[in-house]
Amino acid sequence: MTKFKRAHTDSSLITSTAYDPYTEVLEVVFCRGGIYEYTDVSEQEYMNLQNSKSVGLFFNGNIRNRKQERYKKVRD
């Protein structure tokens with residue numbers, strides 16, 4: 001992923017996120033370790049994630065479970 005500025009989240013699941021609107025790739029840094037990239041995430045989905053009351057709940061319900069076949073681990 002191209003280096004984008006990470007956005008810190010107030011979540012017990014996710015430390016920060018970064019998004020590339022050109023490739024529709026969402027990068028997620030988890031609190032327990034690991035950085036993952038999720039593909040085919042629309043800009044609207046990313047905005048909804050960032051603006052949700054619970055980033056973790058939104059992520060689990062709308063991105064993680066729906067994009068299981070479209071992610072890869074980038075780093076530990």
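FYI, it's all coordinate maths here, none of it is from the lab. If you're wondering where the values come from, they're calculated on a predicted model, not measured in any experiment. Neighbour counts are summed over all protein chains in view; Cβ atoms, including those assigned to glycine, are modelled from backbone coordinates with ideal geometry.
Only loop residues by DSSP count here, and only those with at most 16 other Cβ atoms within 10 Å; note down the chymotrypsin sites (Phe, Trp or Tyr not before Pro) in the chain that meet that.
Phe4, Tyr22
Tell me the label-point distance for the pair Arg32, Gln50, using the 7 Å Cα-to-Cβ offset, in nm and rounded to one decimal.
Rounded to a tenth, the inter-label distance reads 2.7 nm.
Is it possible to state the helix-based mean residue ellipticity at 222 nm for the chain, with each DSSP H run of 4+ residues giving -39500 (n - 2.57), the sum divided by total residues, to the nearest 500 deg cm²/dmol? What is it?
When only DSSP H runs of four or more count, the value is -4500 deg cm²/dmol.
If you take percent of Cα pairs over 21 Å apart from the coordinates, which of [x] 16; [y] 27; [z] 13 do you get?
[z]
Using alpha-carbon pairs under 8 Å, 6+ residues apart, how would you state the relative contact order of the chain in percent?
About 27 percent, as a whole number.
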